[in-house]
Amino acid sequence: MSIKLFPQVDALLHGCDYNPEQWLDRPDILEEDVRYMKQAGINAVTLGVFSWSVCEPDEGDYHFEWLQEIMDNLYKNGIYTILATPSAARPAWLDRKYPDAMRTDSKGVRNLHGERHNNCFTSLNYRRLVRLMDEALAQRFGHHPGLLMWHIDNEIGCECWCDACRTKFQTFLRKKYHNDIEELNQAWWTTFWSHRFNSFEQIDPPTSRGERSIHGLNLDWKRFTTANAIEFMKEEINVFRSNTPDVPVTTNFMHLYPLLDYNKMAKELDVVSWDSYPRWNTAEQSLYETAAGDAFDQVMMRSFKKDRPYMMMESVPSLVNWHEFNKLKRPKVHKLTSIHTLACGSDTVQYFQWRKGRGSYEQYHGAVIDHLGRNDTRVFKDVEEVGKVLAGLSEIQATLINAKAAILYDQENKWAVEDAAALAKKTKKYPETCMDIFNLFMKHGVDVDLISSEESYDGYDVLVAPMLYLLKDGVADALKAFVERGGQLVATYFTGYVDKNTLCYLGGFPGDGLTELFGLYAEEIDTLYPKERNGIAFLPDSPVKGTFTAKEYCEIIKVRDAEVLANYTDDFYKDMPAVTVKKTGAGKAYYVATRTESDGMEAILKHIWTEAGIAVKKLPEGVEYHKRENAQYSYEFYMNYTENEQTVDTDGAGMELLSGREVSDSCTIPPLDSIIIRKRL
Ligand code: GLA
Ligand code: ZN
C-alpha cells in the first residue's frame, strides 16, 4: 500500500520557496503574490527557510506575527504551507554571542560570521537555540490548518574541525571500537608508517595538515560526520514528532552530495525531498542526456523510500545564477522536465523561488515572478501551464514504480573507492560507471532502483553491483542468498577487495566468500592509459554474441568453476577470461572483469533481462520512459526530448491523460513534449 503524502491537498503539489519576510514593507507585493500564486496553480509554499533574523531578531525575542498573517492568508486562499526551521543560516547576534556555532575549517581556523550552511553541528549553544526556535514554531503553528509538513534546516551539509567536533569524534570511535584502542589499531592497520595510537585522545580528524593516509580513519570520519548530522537533524525532528506526531517531516537533499550518507539520513525522515538543478540546454549534452543524468538523481531519491513517492522540492522554471553559464530553459522544456520529474516518481514540482529578491547573492536567480513583476512573462506562463497539467494529474498521487531490477550505489563504497590509492587517479569513475549502467536501463525502458548494498534485495530479479569494492558485514551473504533464490547478479572488476574497515581480504578477491559465488578469483588488475583499449570476444557457444571494446581497467581472473563467456582480445592476457557466469541455486552470478564501452555491458544486460523475464521497450532515440502504478491502473510516461515528432509503441490500448484521447497500439509525441498512457490493470 502506497502512502498519499498530503491527504489534505489530495493533489500533486505545485509549490515554491516563498520569502515574504523580504517584502514585509510592501503589502501590495504580498497581495499580488497570492493572486499570482492562485493563477499559477500553486497549492503549497515553503516558508521560513533562512528567516531566523526576522523570527528572532534578538535572543529569546520571537516574532511570528508576520508568519501567522501570511500563513492564515495563504490558507484562506487555498495555499498550504511547508514550514521550514530557519537553522541553516544564523543571525549576527547569535554568532557574536556564541562563536562556537561557527564552523572551523580543516586548517583549524574558525569561520567569521556570514554566508549560510556553515554551522558546527556539535555546538551545544547552536543546538539549544535551534531547539528553542523549533519548540516555539511547533507551539505556534503546529495546529495551523494550513500546515502541511515540517522542513528541517536546508540542504544539511557539514564537516567541522573544531575542538568539540574532535572530542566528539573520539567518543564516537571509543564506542565503535569498544573502548579498545588495540581494536582500532587493528582495524586501521596503524602499524604502517608508525601510526599506532596509545589512546583515543591521540586521534585527530583527517586533515590536509595532518593525517590523510589511514583509509580506515578517513572512512570513520565520514561515518562520524553523517552520524553527527543525523543526531542534529533528529534533535530538530524530535521537537516536531513530540508536538505534532501527525505532521510529516522532511529535509531537502542535494545532488550526489559527497559528504553525507543520505541513505542513512533518509531513514529518519517521513518523506524524502531534494533539489534538482541540472544544466538543461547545455551545449555539451543532448537534452535527453541531461534528463538521464537527472533521472539518476531522481531515482536515487525515490529508492530511499520505495513505499511512497518523494518530493522534488526545488527546481527552477528558468535559470539559476550559480552555474558556470546560466542558460535559460528553452521553450517547452519546463513542462517536459516537470513531467519527467513525475515520471521518475515524485508527487511534487516545486521551485526555488517564487519571487526574485531585490538584492544580495540570489537577486538574479530565476523565479516564477521576475523583478518585472508581471504575470504574463514567458516563465510565468510556463509555470501556469505546469500548474494546469499537475491539477489534471491528481490520480497519479501515491502511485509507485515497481522496479524488478536494482543497481547498487553505495555511499561508503564510493568514499572507499575514491580514497583508495589504486587504479588511476582520474578514471576510477565509480558514480559515472553506475550512471552508464543506469543509462542502459533507461535506454531500454527498464525501470531500475538505486539502492545501497545493505538494503533488502527482496522483490528484485536482477541486481547490478558495479565496482562493489567495499563489502559491509552481511552483504556477501545477502548477495549469495539473492542468487540462490533465483536472482541474476552482475558484478564487475574491483569487487570485494576490502572489508568495512578498508582492510584487504586475504586469499583472493572478491572476498568474504564471493570467490565461491562467482567461481573465480582476481589475481591482478591492469590500469589502461586513457587512449589505450583492449577488447572482449564472446565465445561461439556463449548466449551473448559479439566482440566489444574494453577500456580503463582489465582484471586478470583465474576461473575455478565458472563458465567463461568472453575472453580478452589483446595484450599478454589475450584469451584469458573477461566475462563469466556461475549458476548457484536457482540463479546466476555474472562477473565482468573489465570496463567495457557501453555496448558491451548492454549486450550482457539484454541477455540477463531476457533470462529474468524483464520486458524491454523499443524506444526511439531521445525518448525516456517510466511506469508508475497502483492497484487499478498503470501510468506510462514517455518524454520526447528531440526536436522531431516521435512515434512510440504503447504495447496496448489506453487513455492518453494529457490530451484525453484514446490510443490503441502506438502514439505520436510532438517535439519536446510528453504523453502519459493510463491502462487498467
Ligand atoms: C539551493 C538552496 C536554495 C537556493 C538554491 C539556488 O538549492 O536550497 O536556498 O540557494 O540552491 O539554486
Ligand atoms: Zn565543530
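Listed values, structure above:
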quantity: Cross-link reach list, lysines versus Lys327, counting only Cα pairs under 21 Å and skipping chain neighbours closer than eight places; calculated: Lys335, Lys356, Lys381
quantity: Highest average packing first - 323-329, 391-397, Cβ atoms within 10 Å; calculated: 391-397, 323-329
quantity: Reachable lysines from Lys588, criterion Cα separation under 17 angstrom, eight or more residues apart if same chain; calculated: Lys404, Lys480, Lys606
quantity: When the convex hull of its Cα atoms is projected in every direction, mean area for region 371-525 (nm²); calculated: 14.1 nm²
quantity: Percent of Cα pairs exceeding the 25 Å cut-off, where the set is region 354-463; calculated: 57 percent
quantity: Rg(Cα) / (2.2 N^0.38 Å) computed for the chain, rounded to two decimals; calculated: 1.00
quantity: Inter-probe distance in nm under a simple model that places probes 7 Å from Cα toward Cβ, at Phe572 and Glu115; calculated: 4.9 nm
quantity: Stretch gain in nm, segment Arg330-Thr549, where the contour uses 0.36 nm per residue and the Cα spacing is subtracted; calculated: 75.2 nm
quantity: Convex hull of region 280-363 built on C-alpha atoms - directionally averaged projected area, nm²; calculated: 6.2 nm²
quantity: Efficiency of FRET from Cβ geometry, Ile29 and His143, R₀ 22 Å, rounded to 0.05; calculated: 0.15
quantity: Ratio Rg/Rh, restricted to region 249-312 and using Cα atoms, in which Rh is the Kirkwood radius; calculated: 1.02
quantity: Percent of C-alpha pairs per 10 Å bin, region 405-612, short to long; calculated: 9, 39, 41, 11, 0
quantity: Percentage relative contact order, the chain, counting C-alpha pairs under 8 Å, at least six apart; calculated: 11 percent
quantity: Share, in percent, of DSSP beta bridges within the chain that are antiparallel, nearest 5; calculated: 60 percent
quantity: By average C-beta atoms within 10 angstrom, highest first, the peptides 565-578, 168-181; calculated: 565-578, 168-181
quantity: Accessible surface, the chain, averaged per residue in Å² (probe 1.4 Å); calculated: 40 Å²
quantity: Where Rh is the Kirkwood radius over Cα pairs, Rg/Rh for region 623-680; calculated: 0.95
quantity: Estimated FRET transfer efficiency (Thr171, Arg680; beta-carbon r; R0 60 Å; 0.05); calculated: 0.55
quantity: Pairwise centroid distance, computed over Cα atoms, of region 44-58 with region 60-78, Å; calculated: 11 Å
quantity: Candidate aspartates and glutamates - alpha carbon under 12 Å from Lys583, same-chain residues fewer than 8 apart omitted; calculated: Glu484, Glu516, Asp561, Glu563
quantity: Cα Rg, Dmax (largest Cα-Cα span) when computed across region 234-392, Å; calculated: 16.6, 50
quantity: Charged-residue dipole, Cβ positions (Lys, Arg, Asp, Glu), the chain about Cα centre, Debye nearest 20; calculated: 160 debye
quantity: Mean Cβ neighbour count within 10 Å, used as a protection proxy, ranking 400-411, 661-672, 377-388 highest first; calculated: 400-411, 377-388, 661-672
quantity: √(5λ) per eigenvalue of the Cα gyration tensor, region 39-124, largest first, Å; calculated: 32, 15, 8
quantity: Diffusion constant of region 124-216 at 4 °C, which comes from Stokes-Einstein with the Kirkwood Cα-pair radius and 1.567 mPa s, µm²/s; calculated: 78 µm²/s
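The values are calculated or read from the model by the stated rules, or taken from the named source; none is laboratory data. Keep in mind that this is a model prediction, so the values were computed, not measured. Reconstructed Cβ throughout: ideal geometry from the backbone, glycine too, with neighbour counts over all protein chains shown. Side chains are part of the model used for accessible areas, which takes the heavy atoms of the whole protein and leaves out ligands, DNA and RNA. Shrake-Rupley method; radii C 1.70, N 1.55, O 1.52, S 1.80 Å.
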